[in-house]
Amino acid sequence: MPRRLAQDYRQANPTTGVIADRVMFRAATGTPEAPFASGRVWLLRAADGFKAWEGYSDAQGYYRAEGLELGVAYIAVGIDPWGNHKTAAAGPVVATLTGVPPQVP
């Protein structure tokens, strides 16, 4: 595992934020969603479009992005590396300490 500083001092906010989510796809209109295995995922900072993270989903479509600005909103973009599906974006999602979004009462 590569070593890195706990705080990325190039960013204004603490970089201890995590987003843990799942990439899904729909094969055709009206069909249920299915996990998107090995999908490329970009997280773009919602305020200015800065690409803050890039990675891939696992076999069940899950990804975990670490080192994000805490409390900052991101747009998740799912990209099919094989070109079989259109690129889609969702969000915004907010980086938290655990990757779990806060509960709304």
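Computed from the coordinates by the stated procedures, all read-outs in this text should not be read as laboratory data. Just so we're clear, the structure is a prediction, and the values are computed from it rather than from any experiment. Virtual Cβ from ideal backbone geometry, glycine too; neighbours counted across all protein chains shown.
For segment 48-60, the Karplus equation 6.51 cos²θ - 1.76 cosθ + 1.60, evaluated at θ = phi - 60°, returns couplings of 9, x, 4, 7, 8, 7, 9, x, 10, 7, 7, 5, 9 Hz by residue, with Gly and Pro reported as x.
So, counting K/R as plus one and D/E as minus one, what does the shell of residues with Cβ under 13 Å around residue 25 add up to? So the surrounding residues net to +2. Here the label points at residue 46 and residue 31, each 7 Å from Cα along the C-beta direction, are separated by 3.1 nm in the simple model. The loop-placed trypsin sites (Lys or Arg not before Pro) in segment 36-105, going by DSSP, that have at most 14 neighbouring Cβ atoms within 10 Å of their Cβ come out as 86.
Can you pull out the chymotrypsin sites (Phe, Trp or Tyr not before Pro) in segment 12-98 whose DSSP state is coil and whose Cβ has at most 15 other Cβ atoms within 10 Å? Answer in residue order: 50, 82. Less than 5 angstrom separates the built amide H of residue 88 from those of 78, all sequence-distant by 5 or more or on a different chain.
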